Structure formats: C-alpha cells, structure tokens
Amino acid sequence: MINTKSRRAQAALEFLMTYGWAILVVLVAVGALAYFGVLSPDKFLPAKCTLQSGIACLDHRATSATIQVVIQNSLGYDLSAITAKAENCGTSSSPATLTNGQKGTYTITCSAALTGSKYNGQFNVSYTITDTGLPHTNVGQITTRIE
C-alpha cells in the first residue's frame, strides 16, 4: 500500500519538475529577447501625421534638429500667411501661400535637439483664406521615428 502511494507521488513530482524546467526555459528565452531589444515597442511604432480635414499631411520626417512636413491644400480656397508649428520646436512659414491643390514642404527647426527614438507632438497649421481674409488654425498630431 505504501509503495503505490510513493510511486504516484514520485510520478507527480517528476511531472511538475519537467514542466517547471520547460517554463523556466521559456522565461529565460523571453527575457533574452527583451534584453536585446527584439521585443522593443519602438520598432512597431506606426508613423503617422494627421490634420483636420481640408489640409492633408502627405509625408513627414524627423531628425534630431528638424521636422519636415509636406502638406497639401484641399480646402477649395487659396491660402496665404501659412505658418506650420510643431510642439517643442519652432515655426516655418515658407512657402507662405498655397493655391487650391498645391503642395508645400515646411522645414521646422528645433532649438533643442530632439532626443530618444521617436517624436510624438502636436502639429499646427495656421493660415488665412485669401478670399475672406479670416485666419484659421488646423490642429493635428505627428508620431514618427527620429532618423
């Protein structure tokens, strides 16, 4: 009777030890992947530039010193006095006018170097509709890697 219980206990203990070692090996492998940066969330960061409707953000790029954005006027009006501003950086007002459907590249210089591997900040485009003379501000967001 004692011999049967001893064999069952030994089988249960061997079962638990086998699975314990397997789980330990998996944890060490996941830890090594995380340590070497394979599981880094920065590598899966989606690059996006969004603005409110009417002005499209076609492309963007960030370096440690500048942010470049290509926008297109899709409002149906000609725009003047255009100023592009990025959070934690300066402003750019060249080109100052965009006709309907025209694209413009704005290079925004940052006074302090952008650090880290990504840039995530608010992006504003201020403009005046040429026909009416009324000023407007289009608020958006830029999320991208710093090259």
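Could you look through the range 79-99, keep only residues that are part of a strand (DSSP E or B) and under 21 Å from the mean Cα position of the chain (by Cα), and pick out the one that is nearest to ALA56 (Cα to Cα)?
Of everything passing the filter in the range 79-99, ALA84 is nearest to ALA56 (Cα to Cα).
Let me confirm something: among VAL69, VAL38, which residue is among the β-branched types (Val, Ile, Thr) and assigned to a loop (DSSP other than H, G, I, E, B)?
Of the residues listed, the single one that is among the β-branched types (Val, Ile, Thr) and assigned to a loop (DSSP other than H, G, I, E, B) is VAL38.
Check GLY76 against each of (1) assigned to a loop (DSSP other than H, G, I, E, B); (2) surrounded by 17 or more Cβ atoms within 10 Å (Cβ to Cβ); (3) at pLDDT 90 or above; (4) not β-branched (Val, Ile, Thr) and name the one condition it does not meet.
Just one mismatch for GLY76, condition (2).
Here are some residues: LEU114, LEU58. Which one is at pLDDT below 90, over 20 Å from THR128 (Cβ atoms) and not polar (S, T, N, Q)?
Within the list LEU114, LEU58, the selection yields LEU114.
Being crowded, with 17+ Cβ neighbours inside 10 Å and over 19 Å from the mean Cα position of the chain (by Cα) is the filter here; which residues of the range 107-124 pass it?
none
For the structure I just gave you, tell me whether LEU13 is surrounded by 10 or more Cβ atoms within 10 Å (Cβ to Cβ), modelled with pLDDT under 90 and in contact with a helix residue (DSSP H, G or I) (Cβ under 9 Å, 6 or more places away or on another chain).
In short, no.
Within the group SER117, SER40, which residue is out of contact with any helix residue (DSSP H, G or I) (no Cβ under 7 Å at 6 or more places or on another chain) and of a type outside the set (A, V, I, L, M)?
Being out of contact with any helix residue (DSSP H, G or I) (no Cβ under 7 Å at 6 or more places or on another chain) and of a type outside the set (A, V, I, L, M) holds for just one of SER117, SER40, which is SER40.
The values are calculated or read from the model by the stated rules, or taken from the named source; none is laboratory data. All values derive from a computational prediction rather than experimental measurement. FYI the Cβ positions are ideal-geometry reconstructions off the backbone, even for glycines, and counts take in every protein chain you see.
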